[in-house]
Each structure stands twice: as structure tokens, then as C-alpha cells.
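Scroll down for the structure; my scribbles are underneath it.
The values are calculated or read from the model by the stated rules, or taken from the named source; none is laboratory data. None of the values given here were measured: they were computed from a predicted structure. Ideal geometry is used to build each Cβ from the backbone, glycine not excepted, and the neighbour counts take in all protein chains shown.
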Amino acid sequence: MPHRRFSGSLTAPKVDLFLDLGNPFLNLTVDSFLKIGTVAVGKAAAEEAYHVAKRGSISNHNFEHSLKKMCKEGAYWGTVAGLYVGMEYGMERIRGTRDWKNAMIGGALTGAIVSAASSKSGDKIVMDAIAGGAVATAAEFINYLT
């Protein structure tokens, strides 16, 4: 039986913004804030568009609520991303090497700081630090595989 094969690739346009703030730490942190913050805004916009389609209409109040949610999500996730990248870069500079341990420590510190800022429970802070370190380490190992 004849067999056909399709080969090709799909690429998206690459948009890159570079701000030179005169310091690599600041450059990486702000870049991460902007990139992940933009993704979070897009996610919130898609969710709000779904809710508008489901309701069938949008009011002025709902529109303002949607914009506030988009800004809040973008600022929150952008801040977390900027904090993580800053922590990882800081660990790289302190330790003098670039490896998965920087991601683990940076993720743990980020998890602890974000948790401490939003919660007062010591156990919750420790659990979030463990989760942050685990997720960052797993992402680093997956990145090595690809």
C-alpha cells in the first residue's frame, strides 16, 4: 500500500525586546518580568473573552473588571518570573558556576519569598519553597534533555 509522508515546520514570528539597563542582573529580571507578564495578560484576556462569549454580552463594569484582572495577573506572574530569574542569576554569580543547583536554590528562594509575602504560616512557606525548588529543578533537567 502506498504511503505518504508530510514533512515541514511551523514557525511563529519572533518578537524580542531588549532593554539595556547597564546591569546583566537587571536586564534578565526585567526581561523575564515583561515576557512572562505578557503571557499572563494573554491568558487572562483569553479567559475573559471566553466568559464574555458565554454570557453573550459585556458591560462597562465587566470590561473594567477584565482589564483589572489582566493587569493583576500580568504583574503577579511577571514579578514571580523576574524574582526567580534574578535569584537564579544571583546564585550563579555567588557560586561561580552554572548548573541545576542554581535553579533549585533560586526556585526554593522564590517559592519562600512569594509565600511569605502572601501568607504568614511557617509550614506553608517551607512547603512552597520545596515546591518552587522542585519545579525549577525539574524544568532545568527537562531543558537539558531537549
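In segment 49-69, what residues are assigned to a helix (DSSP H, G or I) and surrounded by fewer than 12 Cβ atoms within 10 Å (Cβ to Cβ)? Result: TYR50, ALA53, LYS54, ARG55, ASN60, HIS61, GLU64, LYS68. Annotation: of all residues in segment 22-74 being basic (Lys, Arg) and at pLDDT below 90, the one that is nearest to GLY106 (Cα to Cα) is LYS54.
Considering the conditions (1) over 22 Å from LEU28 (Cα atoms); (2) loosely packed, with under 14 Cβ neighbours inside 10 Å, ARG98 is excluded by exactly one of them, (1).
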